[in-house]
Amino acid sequence: MLTNDTRTLDRYLTRLALRSPLTQEERQAILALPSSSSKKAAGSSFVASGDEIDHACVVLTGLVSSFKQTRDGTRQIMALHICGDMADLPSIMLAEAVSGLEALSDVTMLHIPLPALFAVSEAYPRIALALWRDGAADAAIQMAWANNVGRKSARSRLAHLFCEMGARYEQTGSRVGLGFELLMTQEQLADATAITPVHLNRTLMSLRADGILDMRNKLVQVFDWPALIKAADFDPRYLSFRLANAH
């Protein structure tokens, strides 16, 4: 059943405003969007590549991945989506899923019908611009991930992933000091960095031995952020969080 629960839509609005300034009227228009919610269990794939899309998916709680899968079942995680992210933004203009979506943890999803999203975008061009800007940021993240798995060592790939997620969780207020929760198994981390689980474990042990970070029970504790950034060759500008203050 569709509702317009502003308590849930507020999470999406907060995330959208990280990159785009919005007036009070525009914010209210987003909060008035009809929506419904659903829960997905950890490990469940709830959208398949090529599925027909009639609504946008926003993450309310938990962690979701976009993934592509080969015929033999090998899976590559293409992106990670946290609270407030519209997980399938690249798909909504095509009305067809460009990748699968999987719940990496128990998640709650918010579903916004595409006709309503298109109508509010037409009525408020700055909302359309905000969606466009988020789509451009998603493309920049994809390019960073492609460079990460295509040109970096396993150590640098993993360090980059931790840097990105730490930066994103900091923006949402979910990072506590130098640590944050990352609800991924080592196998899923391997799928995100295109290395084997065995190599990933060795790489984690190396980062731990060097006093840079540790990950236990899906909690990442960073001991030396400058060293982690150096290992990752990480430049956060591609995340584009500065844009909200630049327009």
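Counting only helical runs of four or more DSSP H residues, what would the 222 nm mean residue ellipticity of the chain come to if each run contributes -39,500 (n - 2.57) and the total is spread over all its residues? The helix contribution divided over the chain gives -13500 deg cm²/dmol.
Evaluated over the Cα positions of segment 67-134, the convex hull gives a direction-averaged projected area, one quarter of its surface, of 5.5 nm².
When Rg and Dmax are taken over the Cα atoms of the chain, they come to 18.0, 55 Å. Amide H contacts for Ser99 (H built 1.01 Å from N in the peptide plane; partners 5 or more residues away or on another chain; cut-off under 5 Å): Gly50. Each Cα pair under 8 Å and six or more residues apart adds its separation to the average, and for segment 157-247 the resulting relative contact order is 35 percent. Quick check: the angle from helix 154-171's long axis to the longest principal axis of the chain, C-alpha only, nearest 10 degrees? Taking Cα atoms only, the helix is inclined about 40 degrees.
As a length-normalised measure over Cα pairs under 8 Å and 6 or more apart, the relative contact order of segment 37-128 settles at 43 percent.
Counting every other Cβ atom within 10 Å of each residue's Cβ, Val59, Val47, Val149 order from fewest to most as Val149, Val47, Val59. Between amide H atoms placed 1.01 Å from N, distances below 5 Å from Ala56 occur with Ile112, Leu114, all of them 5 or more places distant or on a separate chain. To the nearest 10 degrees, how steep is helix 125-151 against the longest Cα principal axis of the chain, on a 0 to 90 scale? Once rounded, the angle reads 20 degrees. A straight Cα-to-Cα reach below 17 Å connects Lys39 with the aspartates and glutamates Asp5, Asp85, Asp88, Glu102, Asp106, residues fewer than 8 places away in its own chain not being considered.
Look at the alpha carbon pairs under 8 Å that are at least 6 residues apart: their mean separation over the length of the chain gives a relative contact order of 22 percent.
Taking the longest Cα principal axis of the chain as reference, the axis of helix 114-123 is set at about 70 degrees.
Cβ crowding within 10 Å ranks Tyr12, Tyr169 as Tyr169, Tyr12, fewest other Cβ atoms first.
In which sequence would His160, His111 go, from the one with the fewest C-beta neighbours within 10 Å to the one with the most? Working shown, then result.
Values: His160 24, His111 16.
Ordered from fewest to most neighbouring Cβ atoms within 10 Å, His160, His111 come out as His111, His160.
Every number here is computed from the coordinates shown, using simple stated rules; none is lab data. Bear in mind that the values here come from a model prediction, so they are computed numbers and not experimental data. Heads up, the Cβs are rebuilt from the backbone with ideal geometry, glycines too, and the neighbour counts pull from every protein chain shown.
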